[in-house]
1. Could you check the range 141-163 and list, in sequence order, the residues that are touching a residue at least 60 places away in the same chain (Cβ under 8 Å) and under 18 Å from residue 204 (Cβ atoms)?
2. Only one of these conditions is not met by residue 109: (1) in a helix (DSSP H, G or I); (2) outside the structural domain of residue 66 (by TED's automatic domain parsing). Which number is it?
3. Could you run through the range 182-194 and say how many residues are in contact with a helix residue (DSSP H, G or I) (Cβ under 9 Å, 6 or more places away or on another chain) and modelled with pLDDT under 90?
4. Would you confirm whether any residue within the range 103-110 is in contact (Cβ under 8 Å) with a residue 40 or more places away in the chain, within 20 Å of residue 257 (Cβ to Cβ), out of contact with any strand residue (DSSP E or B) (no Cβ under 7 Å at 6 or more places or on another chain) and buried (at least 18 other Cβ atoms within 10 Å of the Cβ)?
5. Within the range 42-99, considering only helices (runs of 4 or more DSSP H) that don't extend past its boundaries, which have at least 3 residues that are surrounded by 14 or more Cβ atoms within 10 Å (Cβ to Cβ)?
6. Which residue, of 235, 197, 247, is farther than 19 Å from residue 61 by Cβ, at pLDDT 95 or above and either in a loop (DSSP other than H, G, I, E, B) or assigned by TED's automatic domain parsing to the domain that holds residue 157 (or both)?
C-alpha cells in the first residue's frame, strides 16, 4: 500500500478511543464436586484502569500474615515466601491446607478472609466511579440430576453458562460500549470444556435456555491463569465459596457475616434449577 493510501485509511480511523473500553472478567467455581448441593460460578468484573487498586488492596490484605510471627501462620508464610500462597475460601473457612483448626487460628483465618472480602468496599471508597461488580450463576445439583439424569449435564458447565449470561446482562445494561476478556483459574480437568463453551456462546448463544444470550461483549477466547499469581481469580474463588455456603444455609451466621460484605456488590445472579 502506498504511503498516501495508508494515510487516507488512517484518517478514517478514530484515534481517540473510549477511555473506558475494556474490562477483565475474572471467574472461578465452587462446588463442582457432585457431593456438593450447589455449584456456583462467580465473575468479578474489573475495568482495566481499576486493576491497580484491586492488586494494591489484595496485597494489603496480606499484611497481617506478613507481620505475624505466630506458629499457626508458619506454613502459610512459607508458602508466601515461595510465591505459592493464595486466598482460598475453602481453606480459610474450614482450616484446610496450611491452616490449623484451633480457636485462635480460626479467628486469624476469619480476620484474613474478611480483610480480603473487604477489597471491593475499599475500592469503592475511592469514589470516582471505581467499583468491582460481582455476578454469579448457580445450579442446585440434586434437582439437575433428578430432572435430566446424572450424565446429561455437568453442574459446573451449567453454572458457567448461567454466570456468563449474567456477565452479558451486566455489560448490556451498564456498559454497552465496552468489551470484556474472560480469565479463569487453570484446571486441566475442566479447561477444555469451559473454553469450548465460552467460544460457542461468543459465536452463537448459550446452548440451553428459552431466550439464550450470546457473549457479544466478550472478545477472544477464554483465557486461563494460575490463581496464585492473579488476585482477581482469587477474589472470584473466595466469593464463589461464600455464595455457595450462603445458598446452602442462608441462616448460617458465620457465613452470613462474609456474605453481607460482598452482597452490595452483587449486581446480577441466577440460580437454575432452584432448590424445590
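The values are calculated or read from the model by the stated rules, or taken from the named source; none is laboratory data. Note that the structure is predicted; figures quoted are calculated from it, not measured. Backbone-built Cβ (ideal geometry, glycine too); neighbour counts: all protein chains shown.
1. Answer for the range 141-163, where residues must be touching a residue at least 60 places away in the same chain (Cβ under 8 Å) and under 18 Å from residue 204 (Cβ atoms): 158, 160, 162, 163.
2. Failed condition: (2).
3. First, the residues of the range 182-194 that are in contact with a helix residue (DSSP H, G or I) (Cβ under 9 Å, 6 or more places away or on another chain): 182-187, 190, 193-194.
Among the residues that remain, those that are also modelled with pLDDT under 90 are: 187, 190.
Qualifying residue count for the region: 2.
4. Looking for residues that are in contact (Cβ under 8 Å) with a residue 40 or more places away in the chain, within 20 Å of residue 257 (Cβ to Cβ), out of contact with any strand residue (DSSP E or B) (no Cβ under 7 Å at 6 or more places or on another chain) and buried (at least 18 other Cβ atoms within 10 Å of the Cβ), one finds at least one in the range 103-110, hence yes.
5. Working: elements: 51-60, 63-67, 74-81, 89-94.
Result: 51-60, 74-81, 89-94.
6. 247
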